[in-house]
1. Restricting to segment 22-68, and then to whatever is of a type outside the set (Gly, Ala, Ser), in contact with a Pro (Cβ under 7 Å, 6 or more places away or on another chain) and over 16 Å from Ile325 (Cα atoms), can you tell me which residue is modelled with the highest pLDDT?
2. Answer with yes or no whether Asp371 is of a type outside the set (Phe, Trp, Tyr), at pLDDT below 75, open to solvent by 10 Å² or more (accessible area, probe 1.4 Å) and away from the ligand (no atom under 14 Å from the Cβ).
3. Please enumerate the residues belonging to segment 295-344 that are under 18 Å from the mean Cα position of the chain (by Cα) and within 16 Å of the ligand (Cβ to nearest atom).
4. Does Val4 satisfy being at pLDDT below 85 and in a helix (DSSP H, G or I)?
5. What pairs come out if I take residues in segment 544-562 that are modelled with pLDDT under 90 and pair them with residues that are basic (Lys, Arg) whose C-beta lies under 6 Å away, six or more apart or interchain?
6. Restricting attention to segment 265-309, which residues are farther than 12 Å from Phe177 by Cα, open to solvent by 30 Å² or more (accessible area, probe 1.4 Å) and hydroxyl-bearing (Ser, Thr, Tyr)?
7. I'd like to know if segment 434-445 contains one or more residues that are hydroxyl-bearing (Ser, Thr, Tyr) and open to solvent by less than 10 Å² (accessible area, probe 1.4 Å).
8. Of everything in segment 400-413, what is aliphatic (A, V, I, L, M), more than 8 Å from the ligand (Cβ to nearest atom) and over 19 Å from the mean Cα position of the chain (by Cα)? Give them in sequence order.
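The values are calculated or read from the model by the stated rules, or taken from the named source; none is laboratory data. Computed from a predicted structure; not experimentally measured. Using ideal geometry, Cβ is built from the backbone for each residue, glycine included, and neighbour counts are taken over all protein chains shown. Each accessible area value is taken on the protein alone, full model and side chains, heavy atoms only, with ligands, DNA and RNA left out. Shrake-Rupley method; radii C 1.70, N 1.55, O 1.52, S 1.80 Å.
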Amino acid sequence: ATYVREATKSKPLPPNVCEFEPGAIVSDACASYSTLEGLNDAIHPYLHSITQDTDFFSHYRLNLYNKKCPFWSDDNGMCGNIACAVNTLDNEEDIPLVWRANELGKLEGPTAHHPGRKLQEERKSRPLQGKLGENVGESCVVETDDECDDRDYCVPDDESATAKGDYVSLVDNPERFTGYTGVGSQQVWEAIYRENCFSKPPKNGQSTPGSLPLGGFGGIQQNQAAKELRNVMREQGVQQSVKSAIAQGSATARVDPVEFDDECLEKRVFYRVVSGMHASISTHLCWDYLNQTTGQWAPNLSCYEYRLHKFPDRISNLYFNYALILRAVGKIKQHIKDYEFCSADPEQDQRTKNMVLRLASAIHSGPEIFDESIMFQEPGNGLSLKEDFRNRFRNVSRIMDCVGCDKCRLWGKLQTAGYGTALKVLFEFDEKDSSKDPPLRRTELVALLNTMDRLSHSLSAIKEFRRMIDERDGIQSTSPAGSSSEATRTKQLLEDEKEDDGYPDFTRKNSEGLTIIEEFWEELDLVTRAFVYVIKSWMELPGKALKIFIIEMSRLWDYWLGLPMRPRSWEIRFPRRDEL
Ligand SMILES: Cc1cc2nc3c(=O)[nH]c(=O)nc-3n(C[C@H](O)[C@H](O)[C@H](O)COP(=O)(O)OP(=O)(O)OC[C@H]3O[C@@H](n4cnc5c(N)ncnc54)[C@H](O)[C@@H]3O)c2cc1C
């Protein structure tokens, strides 16, 4: 099978050989391992808080049980372990408001009917033409989940209009060891890797069981597609990485030690995404592993060594995916600014938006991290490489319905949707003008950020596993060069923004059972704190103005040098009525 060939390509390294050097560039991306680790150290806590603490990002809707595996009978691959089970939210009152509104949006009421796809396209901002009242954010009442856009890389989960979605709390169903293994899981991975055959037509012109020849892919068009990517990779990929490392002044502008078979260049990106996802899943099951003797959940070092440590290419693919997702999340900033999170609670809505904007702003993920613009550029006739990519990715999301463990299927589907969304953002979105962007469904947005959180957690877990190995082997571990300064810079940025954003708490700490004297002191304390805050803000004003001036000058400098401009880290915001 193809995947066995791929797997044998990744030969284990002998023990004590350095798997990857911190300064080396992750091949096909433009950043070094240490830059990505540094960024991750700073971003991880924020990302974790978004995915754990907000109703919007901690829940997901998907069709978990009602889809049959379209490729084979899945009766023999089912996982009966308790750890494979998922707790779905079956009662309406258990579903957070922000998600319930979504269900309500589907109801056909007496005043507004769900508009079809064509009408939605014609009336993008007001699909219901104000029929639910003037203050209703229509773009969020009308969900487009049921329909498949040509530009989607994944099969939207509610593809069939009759399918009922299952609501799950991602926090209550963490991705971890489930015990799902054997022929069932092997067959799924095999089918997924089999999708990765861009250059070679199936033997005798027949499709293999897992490979759906969508759109009649093959022959001349296929060769064209293969040539496109081969050119991109050969001429630009590696050179670009090295050039940008030199431009950044990185002393160690080496390319990833992982080498790829030259004949298979056209498959590389697709393979890396899939293998990186596989590596991330393996990391989580090793990190949150059930010791069946003690019944304790804990990291399992030998699991990590057996599945990842000996295979630097798998780790490299994971980092590659992180760079790809970072770039995608950095790119949706403008889109998020105009996004309505559809919360029945405006304060929560604003908080969620601020958290995501803060994260997107902190990611300086221009082309220096991952340059998607070098891909899919060659004009080709007929079925382009991009279309082929999309079709194959859609097949991967269909294969996920064959996973016989509910928990693994939940996270497998979510992560495939997350990568599909990242590819859609990278190749279909305009960073500066969001007006022509395809719609970003709520399930896509949630999948994107949760996939990023999974990768981010994998990076942290791998770092810790490496430390454990060093400790066991008595090696003094050093933090990778460059990572700490990057982390400090991004952390500072996030904290600066938090400071600018977070107002002190001006509510009374105690309000019940106080005597008059205590009431007086409590009130005085409140007035004093508010007064000090106002005076302090006025005193800080010149400093802030100077900071803004410096930021703007450095952006102008970037512009003048022809470098990608850094995103703005400040904004003028007028107070809302309730703040006055
Ligand atoms: C979609 C999906 C989600 C899953 N989620 C979970 C989960 O949440 N928890 C859990 O405990 N189990 C999960 N599993 C099962 C898990 O991934 C393994 O399949 C299982 O633990 C058996 O492992 P294995 O040692 O046979 O190798 P597998 O991980 O099944 O790998 C099969 C073969 O693929 C190759 N390979 C492995 N990793 C890579 C890589 N990164 N890149 C390229 N080739 C590789 C190797 O040759 C390996 O022998 C999931 C499986 C699938 C298909």
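1. The qualifying residue modelled with the highest pLDDT is His59.
2. Details: of a type outside the set (Phe, Trp, Tyr): yes; at pLDDT below 75: yes; open to solvent by 10 Å² or more (accessible area, probe 1.4 Å): yes; away from the ligand (no atom under 14 Å from the Cβ): yes.
Judged against the criteria, Asp371 is a match.
3. Of everything in segment 295-344, those that are under 18 Å from the mean Cα position of the chain (by Cα) and within 16 Å of the ligand (Cβ to nearest atom) turn out to be Ile315, Ser316, Asn317, Leu318, Tyr319, Phe320, Asn321, Tyr322, Leu324.
4. When the stated conditions are applied, Val4 passes them.
5. Once the first residue is modelled with pLDDT under 90 and sits in segment 544-562, its partners that are basic (Lys, Arg) give Arg555/Arg566.
6. Once the filter is applied, which keeps residues that are farther than 12 Å from Phe177 by Cα, open to solvent by 30 Å² or more (accessible area, probe 1.4 Å) and hydroxyl-bearing (Ser, Thr, Tyr), segment 265-309 yields Thr293, Thr294, Ser302, Tyr306.
7. Within segment 434-445 (the criterion being hydroxyl-bearing (Ser, Thr, Tyr) and open to solvent by less than 10 Å² (accessible area, probe 1.4 Å)), the answer is no, since none of the residues qualifies.
8. The first filter runs over segment 400-413 and keeps only residues aliphatic (A, V, I, L, M), leaving 400, 403, 410.
Next cut, more than 8 Å from the ligand (Cβ to nearest atom) only: 410.
Answer for segment 400-413, where residues must be aliphatic (A, V, I, L, M), more than 8 Å from the ligand (Cβ to nearest atom) and over 19 Å from the mean Cα position of the chain (by Cα): there is none.
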